[in-house]
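*Asks:* Take this structure, written in structure tokens, and hold onto it; I'll ask about it next.
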Amino acid sequence: MALTLVCLAQSICMAGETGGGQPGAFLRVGVGSRALGMGGAFVAVADDATASYWNPAGLSLVRELQLSGTYTEISLGRQYNFAGIAVPLGAWGTMGANWINFGVKNIDGRDQTGLPTGMFSNNEQALLLTYGVRLFPGLAVGGGIKLLRHTLAANSAYGYGYDAGVLLMPAPFFILGANIQNLQTHLAWNTPRRTREIFPQVARVGVQIKPAPFLRLSADYEMSSQANGKWLASDLEEGEWRSGGELWMGKILALRAGMNRDSPAYGASLAVPSGNSAFQIDYSFASDPIDAFPTHRLAVLLKFGKPLLKEAARQETPREHTRPGSQPSSRTSGTGWLRARVIEAQSPYLTIYVNRSDLLQPGMMIRLNQFLSATRVGKFYGTAEVILIREKRVMIQLSKARAFPVGELLALKIPSAAAEE
């Protein structure tokens with residue numbers, strides 16, 4: 001009887017969704033208004049607090065502490081809630097956690113003869129605890145455990161499983177991603193028969209292309225195994241495509257659009273930056289597979305920039321050297337400079353030795369100049385992003401490929417916000 005109720009409730013709750021009626025179908029919906037506004041094509045993007053779900057390897061792209069939450073009232077009494085957090089640990093990667101909750105209340109219960117038995121509720125929850133780290137400049141990996149709880153009327157079930165993901169970044173504008181969910185995932189019910197449900201595995205592969213810093217395009221291909229967790233050759237061929245795009249207009253407004261299977265999706269964001277932090281509202285609009293009315297989702301994302309050490313302002317502040325015939329450069333008062341030495345060069349990546357590497361953090365954008373002396377710098381080489389920090393060895397990615405000889409001295413200019421008192 002309990003198993004019949006489980007199947008019935010899942011069919012009601014998730015009808016029309018991919019995998020509807022199967023164990024864990026609520027985990028196939030997706031999380032985050034930003035991702036859903038891009039049609040769910042997010043496995044190669046996954047650079048915010050929702051990465052624990054979409055691709056744990058994407059946690060390595062998160063540059064600051066992030067908190068995210070979504071509350072969604074869907075038709076037919078359904079609710080879908082989400083909360084997420086990402087905590088960067090500097091050179092040690094990033095920890096993340098996502099909580100996903102799906103439920104329906106006031107379901108009219110009937111016995112096997114069709115007589116009413118009263119109202120009951122169906123509620124499913126998942127807690128994802130994940131970790132992601134960049135092993136090399138072009139490779140990031142991540143994984144985690146998920147804890148599951150399902151209550152249906154007076155019965156309950158508990159279980160767990162595993163997720164894993166990888167990101168390949170051969171170029172700053174091109175990223176490949178892959179994610180597999182529900183590895184060895186199951187639920188065990190507290191019924192007399194101890195019914196055990198095995199979740200089908202879900203695999204996604206995706207690509208992200210950034211033709212410009214303010215524009216990204218993405219596409220995913222999703223596959224699902226059989227209900228018993230085993231894969232057949234047909235499962236690989238019967239997958240589903242998702243695609244999407246995101247356009248930022250400055251740092252305040254973003255527009256999104258995508259296709260989730262055959263259904264269009266749209267979204268937008270409004271960001272309010274404040275110093276090193278930001279408050280962002282994400283909205284998505286997508287069709288509902290079992291209702292004529294679309295589903296509107298509103299999410300909140302909080303970004304807390306890492307406090308930048310005041311010591312940066314106390315670093316020596318050299319004047320940029322003005323060569324004959326060149327334009328005079330502005331003085332750099334109020335900004336911090338660090339001296340660095342190239343110890344390995346494989347453009348567009350450099351490994352440099354920085355004595356004060358504690359003033360840097362992954363994701364920070366820095367400026368590279370020729371080092372002339374403790375009070376002067378020479379020509380401007382370009383900008384770079386800090387990728388990895390291992391004690392005093394720092395790996396950076398150049399915005400434009402350029403050859404640097406091993407042993408060359410560089411002057412690193414920390415962003416102005418990093419040097420404010």
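*Asks:* Order the peptides 53-59, 342-348, 359-365, 96-102 from the highest to the lowest mean number of other Cβ atoms within 10 Å of their residues.
*Replies:* On the way: 53-59: 31.0, 342-348: 14.4, 359-365: 19.7, 96-102: 21.6.
Per-residue mean Cβ counts within 10 Å order the peptides as 53-59, 96-102, 359-365, 342-348.
*Asks:* When every alpha-carbon pair in the range 162-208 is counted, what percent end up more than 14 Å apart? Before the final figure, lay out the partial values.
*Replies:* Numbers: 660 of 1081 pairs.
Percentage above 14 Å: 61.
*Asks:* Take every Cα-Cα distance within the range 98-232, group them into 10 Å bins from 0 onward, and report for each bin the whole-number percent of pairs it holds.
*Replies:* 11, 28, 29, 18, 9, 4, 0
*Asks:* For the range 2-304, what Kirkwood radius comes out of the mean inverse Cα-Cα distance, in Å? All intermediate terms of the calculation are to be shown ahead of the outcome.
*Replies:* Working: mean 1/r = 0.0509 Å⁻¹.
Across the range 2-304, the inverse of the average 1/r is 19.7 Å.
*Asks:* Continuing with the same structure: Test of understanding: what is the full-extension gain from Q79 to V342, defined as 0.36 nm times their sequence separation minus their Cα-Cα distance? The partial results should precede the final answer.
*Replies:* On the way: separation 263, 0.36 × 263 = 94.68 nm, distance 5.42 nm.
Full-extension gain reported as 89.3 nm.
*Asks:* Taking 30 Å as R0, compute the FRET efficiency from the Cβ-Cβ separation of K251 and A374 and round it to 0.05. Write out the running numbers ahead of the final one.
*Replies:* Details: r = 35 Å, r/R0 = 1.17.
Step by step, r from the Cβ atoms, then E = 0.30.
*Asks:* Just order 174-184, 243-253 by mean Cβ neighbour count inside 10 Å, highest at the front, would you?
*Replies:* Values: 174-184: 20.5, 243-253: 16.0.
Highest-to-lowest ranking by the protection proxy: 174-184, 243-253.
*Asks:* Here's another thing I want to ask about it. Express the relative contact order of the range 94-239 as a whole percentage, based on alpha carbon pairs under 8 Å and six or more residues apart in sequence. Write out the running numbers ahead of the final one.
*Replies:* On the way: 339 pairs, mean separation 20.3, N = 146.
Answer for the range 94-239 is 14 percent.
*Asks:* Here's a follow-up. Work out, step by step, the length gained on full extension between S263 and E240: first 0.36 nm times the residue separation, then minus their alpha carbon distance; give nm to one decimal.
*Replies:* Numbers: separation 23, 0.36 × 23 = 8.28 nm, distance 1.17 nm.
Taking 0.36 nm per residue and subtracting the Cα distance, the gain is 7.1 nm.
*Asks:* Using the alpha-carbon centroid of each, what span in Å lies between the range 255-286 and the range 123-147?
*Replies:* Cα centroid of the range 255-286 versus Cα centroid of the range 123-147: 23 Å apart.
*Asks:* Using a simple spin-label model with points 7 Å from Cα along the Cα→Cβ vector, what separation in nm is obtained for L168 and H296?
*Replies:* Label at L168, label at H296, 4.2 nm between them.
*Asks:* I've got another one for you. Just need log10 I(q)/I(0) for the range 50-98 at q = 0.14 Å⁻¹, Debye formula, equal scatterers on the alpha-carbon atoms, no solvent, rounded to two decimals.
*Replies:* For the range 50-98 at q = 0.14 Å⁻¹, log10 I(q)/I(0) is -0.40.
*Asks:* Take the Cα of L409, step 7 Å along the line toward its Cβ, and report every residue of the range 344-376 whose backbone nitrogen sits under 11 Å from that point.
*Replies:* Only 371-376 pass the distance filter.
*Asks:* Could you put T94, T195 in order, starting from the residue whose Cβ has the fewest other Cβ atoms within 10 Å?
*Replies:* Numbers: T94 29, T195 15.
With the fewest neighbours first, T94, T195 line up as T195, T94.
*Asks:* Rank-order 372-379, 185-192, 64-71 by packing density, defined as the average count of other C-beta atoms within 10 Å over each peptide's residues, highest first.
*Replies:* On the way: 372-379: 14.6, 185-192: 17.0, 64-71: 19.0.
Packing proxy ranking, top to bottom: 64-71, 185-192, 372-379.
Rule-based calculations on the coordinates, nothing more; no lab input. Small disclaimer: the values here were computed from a predicted structure and weren't measured. Glycine gets a Cβ as well: all are built from the backbone with ideal geometry, and neighbour counts include every protein chain shown.
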